[in-house]
Amino acid sequence: MESSLQDSKDFGLENSCFEKSQDSNKKKYLVVESESEASIIVINSCTVTNKADREVRSYARKCTKEGKRVIFTGCGVKHLGKNLFKQNAVYSVFSHSHKEDLRAILDSKNRVNLVKEKNKNHVDSSIFPQIVGRVRAFIKIQEGCNFKCSYCVIPSVRGAARSFSERQILKQVEILAQNGVSEVILTGTNIGSYGLDTGSHIADLLLQIDEIKGIKRIRLGSLEPSQIDARFLGVLGELRSLEKHLHIAIQHTHPTMLKIMNRKNTFERDLELFCELSSRGMTLGTDFIVGHNGESESIFESALQNLQKLPLTHIHPFIYSPRLGTASAKNAEGLEIVRGDVAKKRLRLVQNMIEQKNLDFRMRNKDKILKVLIDGEKNYENNNVIESYITGLDEYFNRILVPLQSKFLDSIESVKKGSWIEVSQYDVKDYNIANNFRIL
């Protein structure tokens, strides 16, 4: 009898989306969209924050109580796997280096406990199986991180930086393109370190992917400012398909906090780099941590002033979450501890600032023609009324909404998930709402 399997439930970072695709090679198992239909659920966990740990524990226990067979993997295995298995909160558990054994784990008639890594520097022998019929595909180009940021547990979980071969990556991109995937997102633990161990460089990889027929947009995961060198900057103007958006993780803008966090970047260099990239027509996103030990009110106010100087349009802010075994958790003595309510207030200030910057950018550029990859149909509230739209992301990583109404009816019928459209007129609101478009 065929078992129903929900494609991995992900918690946390974008890198998990690649692993979700990788996990989908499960012949003899019927992959279902809804967890209510599934008899087996693979949970791909993240352990960046305490919140992620709490959520994944709760979800695993909930599914097990409902009678599902829960298979637990991802970064949370190191900290949570042993106890979840012992408490019967999950059926089986396996670490990153056992991902290629998923089929055998699914087929096993007994519970499987593979918490221990085979080798922390393991690299999967295959990137992922063929993906067909999806709007975009996530491709992991590397694994691990050589940085030693004081707050981060990931290097101890993922190991040192190591890269997949260019040949492997390019072959998979070609397969994706041949099967209708036109946007690829390059992911990894720290993608800017790609090629350090193989004598290659992410710039060289981008140039080769850019030449593959059928690929219309390349998106990059998070980069570190110290990794954006002259070689990377030199190819930006040569790439026809690179999205006009980069996510560059700065984490903070005050020198005291950058030192406490053991970061490699400085605000002065970040400002210079971001202004250079903005002048080339790129929109820019970043990560920012508030509430880390040592972030006094005066330091935060100064950091906020610095943040205002950066030409940002997107941000992923975090409230600091102490992780067991990290330098930040061990060395908090003597540093000011930020109360939770204060951290939440700071988070909102950061979010509001960048939301306004994003709106300002879209207002300044409202005459630009935008290319949009349609990724679905959703309902959004507009003037207190729930309306239906087809929706997608433009080249600046901003969402476009196309109303499902009579004036678009003839064109809408030809637009489906995976279609590319060109939007020439739109209203700038919380999202850009199209008034006119054509199908590409």
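Values quoted throughout were computed directly from the atomic coordinates according to the rules given, and no laboratory measurement underlies them. In this text, all values refer to a predicted model and were calculated from it rather than measured experimentally. No Cβ is skipped: glycine too gets one built from the backbone with ideal geometry, and neighbour counts run over all protein chains shown.
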Express in nm, to one decimal, how much length is gained between LYS417 and SER36 on full extension, taking 0.36 nm for each residue of separation and deducting their alpha carbon distance. 134.7 nm
If I stretch the segment between ASN331 and LEU359 completely, what's the gain in nm (0.36 nm per residue apart, minus their alpha carbon distance), one decimal? 6.1 nm
What helices in the chain pass both tests, a Cα length along the helix axis of 30 Å or more and a mean Kyte hydropathy of -1.0 or higher, using whole DSSP H runs? 340-364
From the backbone phi of the stretch 314-321, what are the Karplus-calculated ³J(HN,Hα) couplings (6.51 cos²θ - 1.76 cosθ + 1.60, θ = phi - 60°) in whole Hz, Gly and Pro given as x? 9, 8, 10, x, 10, 8, 3, 10
Can you find, among SER222, PRO155, ALA38, the residue sitting farthest towards the positive end of the charge dipole of the chain, where Lys and Arg contribute +1 and Asp and Glu -1 at Cβ? ALA38
What is the Cα coordinate range of the stretch 370-439 on the first, second and third principal axes, sorted by size from largest, in whole angstrom? 29, 27, 20
Just want to confirm a number: the relative contact order over the chain, from Cα pairs under 8 angstrom separated by 6+ residues, in percent. 10
Which cross-chain or sequence-distant (5 or more) residues have an amide H under 5 Å from the amide H of TYR426, H modelled 1.01 Å from N in plane? ASN435
Pick from GLN178, GLN87, GLN351 the residue whose mean-square fluctuation is largest in a GNM of the chain, springs joining Cα atoms under 10 Å. GLN87
What number do you get for the chain when its Cα radius of gyration is normalised by 2.2 N^0.38 Å, N = residues? 1.00
How big is the stretch 122-243 on each of its three principal axes, counting only the C-alpha atoms and giving the largest first in Å? 42, 32, 24
ASN435 and GLU211 label points (each 7 Å along its Cα→Cβ direction) are spaced in nm at 4.4
Which net charge results for the neighbourhood of TYR389, defined as the other residues with beta-carbon distances under 9 angstrom from its beta-carbon, given Lys and Arg at +1 and Asp and Glu at -1? -1
Extension reserve of the GLN351-CYS275 stretch, reckoned as 0.36 nm per residue once the Cα distance is removed: 25.3 nm
Mind giving me the FRET efficiency for LYS171 and ASN83? R0 is 41 Å, r the Cβ-Cβ distance, nearest 0.05 is fine. 0.55
Measuring from its Cα centre, the chain shows a charge dipole (+1 at each Lys and Arg Cβ, -1 at each Asp and Glu Cβ) which, in debye to the nearest 20, is 1240
Please tell me the relative contact order of the stretch 122-243 in percent, rounded to the nearest whole number, where contacts are Cα pairs under 8 Å and at least six residues apart. 26
Treat each spin label as a single point 7 Å out from the Cα along the C-beta direction, and report the LYS28 to GLU377 distance in nm. 3.8
